[in-house]
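Throughout, read-outs are computed from the coordinates displayed, never taken from laboratory work. Computed from a prediction, not measured in an experiment: that's the story for all the values here. We place every Cβ from the backbone using ideal geometry, glycine too, and count neighbours over all the protein chains shown.
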Amino acid sequence: MNPMQQMMMQAQRMQRELAKAHAEIDEQVFEVKKAGIVEVSVKGNRQVVGITIDEAALNPDDKDMIEDTIMMAINEAMEQIQAAHDAADERITGQAKR
């Protein structure tokens, strides 16, 4: 087998490993709790699967704070998902994203 064929086989193997790793991350659930008020659950495919709000926080005067807290929790979950994808990429390819 010539060096070019070996490189192609290695690249294909890496692509399969990356696809498998990303599929596994897509099925994971990332949970973020913020300020003891909200909990957000987001699958690795970025689908929000749950939002829980502490009943004690359900004061109409706190509406803006609750909305901001939910937004922060979702954004943090998205960052965790991206970090998991980046870590899988680095583990498999040996190269960190820039």
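So the values come out like this:
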{"item": "Potential extension, Val48-Gln95 segment - 0.36 nm per residue separation minus Cα distance", "result": "14.0 nm"}
{"item": "For Gln28, distant residues with modelled amide H under 5 Å away", "result": "Gly44"}
{"item": "Count of lysine pairs in the chain with Cα separation under 23 Å (8 or more residues apart, or interchain)", "result": "7"}
{"item": "Unit charges at the beta carbon, dipole of segment 3-93: most positive-side option, Met8, Gln28, Gln47", "result": "Met8"}
{"item": "Residue-wise HN-Hα coupling along segment 33-43, computed from phi with Karplus coefficients 6.51, -1.76, 1.60 (Hz; x: Gly, Pro)", "result": "10, 10, 6, x, 9, 10, 10, 10, 10, 10, 6"}
{"item": "Theoretical ellipticity at 222 nm over the chain - DSSP helices of four or more residues, -39500 (n - 2.57) apiece, nearest 500", "result": "-20500 deg cm²/dmol"}
{"item": "Size of the chain as Cα extents on the principal axes (Å, biggest first)", "result": "71, 24, 15"}
{"item": "Normalised contact order of the chain, rounded percent, pairs of Cα under 8 Å and 6 or more residues apart", "result": "27"}
{"item": "Extension reserve of the Met4-Val29 stretch, reckoned as 0.36 nm per residue once the Cα distance is removed", "result": "5.0 nm"}
{"item": "Magnitude of the charge dipole, the chain, Cβ model with Lys/Arg +1 and Asp/Glu -1, debye to 20", "result": "840"}
